[in-house]
Amino acid sequence: MKIPESFTYNNIEIKCVKEFKLLGITIDYKLTFNTHISNVASSINSKLFSIKRIFYLSTSVKVQFFKTFILPYFDYCSTLSIYFSKAVIQRLCNKYFLCLNLLFKLDLSQFTNCNELNDYLQDKYNIPAFQHRLLQRLSIFSFKMLNFVSAPKILKEIIETKFQELKSQETNNADPLFVPENIRSLRNRNVIIYSQDAQSKFLINTFSYFSQTFLKCFKLDIFNLNYNQFFKEVATNINNICTSLINHFAKFNLVLKCFYLVKDKNLQTL
């Protein structure tokens, strides 16, 4: 698709660009976020080069280094991951574990799944695995959308609507879309299914779809707790929730890439 050089809106000429930066996030015209992830990787690389200077320091200092100088790059606007492709999320995951590999010589080959890895990292370093950290951030975001008055109005209305719909289904223990099968209903259902299939590739990248599907990973009563209780419940059940997340969102089912004899030149790739 050819991008016009500019267009006019309300007698104001607006230039068109392929990408621009907004509040530290690089947004491209196709919403792939590839440039943004590359910029994040570049920023992290600059921190990774300083790791060589702290190899002789204690593990606790290395943990603090990771949490203070590297983890914020993964946390900043991490809720945008709901719009990322699986390839982009995998790139971030690879970079996350590359950092831990360089700091702690972490061998991912000894873990069969992300929950085992998370238990190990939490017990040894008090650091979550990549998917679990992302889940924590998305959980907090959803809790704030549902409970904070100051949450963005449009997003708040969407997630509140989805929450009430799921609560109603949970209460009635029935699928509200279910109707007795007859010739007319079958014909109408086929039309609906065709329409959903045609729009599915766009639908799954909307906040409406994400909020409804994400809430299914939880027992909904958890969102009625106060913030501290909510955070504690999520932390206690993080592995089970993460498994549910992966089952509902295939793009969060990531590969644990192993790193061997990583050299400085490898820091340039993600």
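A few notes on this one:
- Count - residues of the range 1-51 that are of a type outside the set (Ser, Thr, Tyr), assigned to a strand (DSSP E or B) and either assigned by TED's automatic domain parsing to the domain that holds Ile70 or within 27 Å of Ile89 (Cβ to Cβ) (or both): 7
- Residue-level analysis places Lys67 among those that are out of contact with any helix residue (DSSP H, G or I) (no Cβ under 8 Å at 6 or more places or on another chain) and either in a helix (DSSP H, G or I) or hydrophobic (A, V, I, L, M, F, W, C) (or both).
- Checking Lys156 against (1) crowded, with 16+ Cβ neighbours inside 10 Å; (2) within 16 Å of Asn228 (Cα to Cα); (3) without any contact (Cβ under 8 Å) to a residue 40 or more places away in the chain, the condition it does not meet: (2)
Yes/no per residue for (1) over 15 Å from Lys67 (Cα atoms); (2) among the basic types (Lys, Arg); (3) without any contact (Cβ under 8 Å) to a residue 24 or more places away in the chain:
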site	(1), (2), (3)
Asn101	no, no, no
Phe104	no, no, no
Asp107	yes, no, no
Asn118	yes, no, no
Lys124	no, yes, yes
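- Residues in the range 210-234 that are free of Cβ contacts under 8 Å to residues at least 12 places away in the same chain and surrounded by fewer than 16 Cβ atoms within 10 Å (Cβ to Cβ): Lys219, Asp221, Asn224, Leu225, Asn226, Asn228, Gln229, Lys232.
- Residue within the range 109-128 that is surrounded by fewer than 17 Cβ atoms within 10 Å (Cβ to Cβ) and within 20 Å of Asn39 (Cβ to Cβ) present: no
The values are calculated or read from the model by the stated rules, or taken from the named source; none is laboratory data. In this text the structure is predicted, and so the values were computed from the model without any measurement. Every residue, glycine among them, receives a Cβ derived from its backbone with ideal geometry; neighbour counts consider all protein chains shown.
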